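Report on the structure given below.
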Amino acid sequence: MALNLLYFAWVREAIGRDGETIDPPEGVETVAALVRWLAARGGGYAEALAEPMRLRCAVDQSFASLATPIAGAREIALFPPVTGG
C-alpha cells in the first residue's frame, strides 16, 4: 500500500524533506504505529518523532488522532500543533 507522507514546520526541518512515498510494513495499522516505525529509522526521524504526543496529524486531509487506522489512506500529514491568532 503506497502512502504519501507530508511533513510540516519543525517536523520537516528535522527530517530534512517535505514528504515521501512509503510502503509501511505489515503490522503498522495506526498513525501511532506509523510514527513509531518512522522514528526507528533514526537520525532526523527519531528527533522529529521522539514525542508523538507533540504531533498533530491529518489522514486524507482530515484532522485525525494517533489512534486513527491507516488502512486505505492515501495521504498522512504530520505537523506540530496549530495555533491561531
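The values are calculated or read from the model by the stated rules, or taken from the named source; none is laboratory data. Keep in mind that what you see is a predicted model, and the values were worked out from it rather than measured. A quick note on method: Cβ atoms are made from the backbone with ideal geometry, for glycine too, and the neighbour counts reach across all protein chains shown. Accessible surface areas use protein heavy atoms only, side chains included; no ligands, DNA or RNA. Shrake-Rupley method; radii C 1.70, N 1.55, O 1.52, S 1.80 Å.
Tally up the carbon and sulfur contribution to the accessible surface of the chain as a whole percent, 1.4 Å probe, everything protein left in place.
Of all accessible area on the chain, carbon and sulfur atoms account for 52 percent.
List the residues, sorted by chain then number, that are 5 or more residues from residue 70 or on another chain and whose placed amide H is less than 5 Å from its amide H.
Close amide H contacts, sequence-distant or interchain: 30, 31.
Got a number for the accessible area of residue 12? Probe 1.4 Å, square angstrom, nearest 10.
90
Quick one: if you stick a label point 7 Å off each Cα along the C-beta vector at residue 8 and residue 50, how many nm between them?
Computed distance between label sites residue 8 and residue 50 equals 2.4 nm.
How large is ³J(HN,Hα), in whole Hz, for each residue of segment 7-18 in order, when computed from phi with the Karplus curve 6.51 cos²θ - 1.76 cosθ + 1.60 and θ = phi - 60°, using x for Gly and Pro?
Running phi through 6.51 cos²θ - 1.76 cosθ + 1.60 with θ = phi - 60° gives 10, 10, 6, 5, 5, 4, 4, 5, 6, x, 7, 9 Hz.
I'd like the Karplus ³J(HN,Hα) series for segment 46-56: coefficients 6.51, -1.76, 1.60, θ = phi - 60°, whole numbers in Hz, and an x wherever there's a Gly or Pro.
4, 5, 5, 10, 4, 10, x, 5, 7, 9, 10
Given a cut-off of under 8 Å on Cα pairs at least six residues apart, what relative contact order in percent is computed for segment 3-79?
Values: 129 pairs, mean separation 29.8, N = 77.
Contact order relative to length: 39 percent.
Take the chain, connect every pair of alpha-carbon atoms lying under 10 Å apart with a spring to form a Gaussian network, then pick out the residue of 33, 67, 48 with the largest mean-square fluctuation.
Comparing 33, 67, 48 in a Gaussian network model of the chain, the most mobile one is 67.
Given that just one value was derived from the coordinates, which of [x] 3, 14, 22, 25, 18, 10, 5, 3, 1; [y] 3, 15, 29, 30, 17, 5, 1, 0, 0; [z] 3, 13, 17, 14, 9, 7, 5, 5, 6, 7, 6, 4, 2, 1, 0 is P(r) over Cα pairs in 5 Å bins from 0, in percent?
Correct label is [y].
Hey, if we sort 51, 20, 26 by accessible area with the 1.4 Å probe, largest down, what's the order?
Working: 51 110, 20 25, 26 190 Å².
These residues rank, largest area first, as 26, 51, 20.
Over the heavy atoms of residue 7, what accessible area does a 1.4 Å probe trace out, to the nearest 10 Å²?
Approximately 0 Å² for this residue.
Under a plain spin-label model, where a point goes 7 Å from the Cα along Cα-to-Cβ, how far apart in nm are residue 21 and residue 66?
2.9
Using θ = phi - 60° and the Karplus form 6.51 cos²θ - 1.76 cosθ + 1.60, what ³J(HN,Hα) does each residue of segment 65-76 get, whole Hz, x for Gly and Pro?
Per residue, the Karplus-derived 3J(HN,Hα) values read 9, 5, 7, 5, x, 9, 4, x, 5, 9, 9, 10 Hz.
So with the 1.4 Å probe, I'd like the accessible area per residue for the chain, rounded to whole Å².
Values: 4940 Å² over 85 residues.
For the chain, the solvent-accessible area averages 58 Å² per residue.
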